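Here, each number is a calculation from the coordinates, and none is a lab measurement. Since we're looking at a predicted model, the values are computed, not measured. Neighbour counts run over all protein chains shown; Cβ positions are idealised from the backbone, glycine included.
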Ligand SMILES: [Zn+2]
């Protein structure tokens, strides 16, 4: 092998794997110059150098296979084409054949093409992988006579009366939540509940003023893009212009039934950008970037799954394997927290005739923040609402207790931050008469038992409150602030606000006390009355 070819071979695979890495970093608008980007890039490069070392010393046939492997891996990291190892093998063979004919120049050819791609990618403008803003001219000026509406969805916010006493001594946090909202002029429904256990059905029924049980009837067939939004439609008819701040999980801007959505800002829940400006150390940031990058590859995902299964088996046999090194950690709460300054400045400029709607994954999992909103140090160790190792059980009473302690700290942080923002903006002239709605979409979901038809016989009352009890608070100029302990579904509370501009007293108007219990596959959903533990 000529010396030039040997040298080029040594760096070729590293360059090929760094192309999608640089595109990934640019797409998420993360700084290419940060030390954590270099550290994560170093991991990618090191993997490439191992392959490159082989490419530099092996004979022709294995060289072609190694070059083809690095190409397949690079494609898998960049595109969503490869779904199985079989497809990867097919692509491997398919690319090895033409590479065989240029085997004498593999190192130089790969290095040259990859270097050109890197050099042309770096100067490109950063991508909108974290934040996308669309402004649409609806051609309809807002009606100045209408009071502004601020509508905040705080995902996974449990109802105050459902916070388990054993994790909230003397009801201190429940009391703080209620006081925060009452002091701001809200009526707080401490026993509100969602009919649904998951976000997509809960919020789609809510905005369609529906109490139904069909989980995805308001969505486009293959995505979480709403095709109907009776609420936005109705408000547009009344003369409101609509401003949306949403996640990339449920798309509220997509319905085409006549809503005047004028501005739609969509943020990515799982983006490394969320941690860029945080106080996390370089090493955890780099681990997060590298983990999220390799998570893009379906081959890596497959290998990780196998490794985990192997680790489980060996643990049962008394041998502890080290954890898979390239875990990503979830970013959704950090992304949402990073948006709060933007939320505050946008709320400060809301005018009469505007409906401002925001969906935030707070106080949702992962539990990344302590009660003072300081970030916990290591993203890969942040917990979620269930212990995956216990599958098919969600939690034991120990894992539930551990998670509730963390969740309630994050809930306290959320209450302080949202309360602070509302206090500031509601003091302004423009928002003094604003209607403000703040609510969750289901409970903490830190259940021991997953609510479904198969588990119905082992569900206790507390499984109902963990699953469904959710926060609901509304501030209307016509209603006095205070606490309401009636158990009412959020879709009925919300429909009353939209249709009657008031939540009636008494209970005759409440149509249904039920929650929806789903079954497997196409099984018809069952309805069961919402339950509250007797000791509250
Ligand atoms: Zn949710």
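Some points to look at:
- Segments 330-341, 189-200, 496-507 sorted - mean Cβ within 10 Å per residue, highest first: 189-200, 330-341, 496-507
- Protection proxy ranking, peptides 92-102, 460-470, 429-439, average beta carbon neighbours within 10 Å, highest first: 460-470, 429-439, 92-102
- Counted over the chain, the DSSP beta bridges are approximately 40% antiparallel.
- Once C-alpha pairs closer than 8 Å and six or more residues apart are averaged by separation and normalised to the residue number of the chain, the relative contact order reads 21 percent.
- Ellipticity estimate at 222 nm from DSSP helix runs (n ≥ 4, -39,500 (n - 2.57)) divided over the chain, nearest 500: -14000 deg cm²/dmol
- Label-point separation in nm, residue 38 to residue 457, each point 7 Å along Cα→Cβ: 6.3 nm
- Euclidean distance between Cα centres, the stretch 46-117 to the stretch 261-291, Å: 31 Å
- The stretch 154-279, relative contact order [Cα under 8 Å, separation at least 6], %: 16 percent
- Equivalent ellipsoid dimensions for the chain as semi-axes, Å, which come from the Cα gyration tensor, largest first: 47, 27, 21
- A Förster radius of 41 Å, combined with the Cβ-Cβ distance separating residue 398 from residue 514, puts the computed FRET efficiency at roughly 0.80.
- In this calculation the C-beta distance from residue 222 to residue 277 is compared with R0 = 45 Å, giving a FRET efficiency of 0.85.
- Gain on full stretching of the segment that runs from residue 135 to residue 527 - 0.36 nm per residue minus C-alpha separation: 137.0 nm
- Modelled FRET efficiency - R0 22 Å, residue 348 with residue 371, Cβ distances, 0.05 increments: 0.25
- Fully extending the segment from residue 183 to residue 84, taken as 0.36 nm per residue of separation minus the present Cα-Cα distance, adds 30.1 nm.
- Nitroxide proxy distance, nm - points 7 Å out along Cα→Cβ at residue 46 and residue 3: 3.0 nm
- Length added when fully stretched, residue 308-residue 390, from 0.36 nm per residue minus Cα-Cα: 28.2 nm
- Each principal axis of the Cα atoms in the stretch 216-353 has its own extent, and those three values, largest first, are 66, 38, 23 angstrom.
- Using the empirical formula 2.2 N^0.38 Å as the baseline, the Cα radius of gyration of the stretch 434-488 reaches a ratio of 1.49.
- Principal-axis tilt of helix 172-183 within the chain, Cα atoms, nearest 10 degrees: 70 degrees
- Averaging the Cα positions of each part gives two centres, and for the stretch 305-382 and the stretch 484-536 these lie 29 Å apart.
- The chain: angle of helix 490-500 to the longest principal axis, Cα-based, in degrees nearest 10: 60 degrees
- In this simple spin-label approximation, residue 500 and residue 233 carry label points 7 Å from Cα along the Cα→Cβ vector, and these lie 2.3 nm apart.
- Relative contact order (percent, whole number), the stretch 282-434, Cα cutoff 8 Å, 6+ residue spacing: 23 percent
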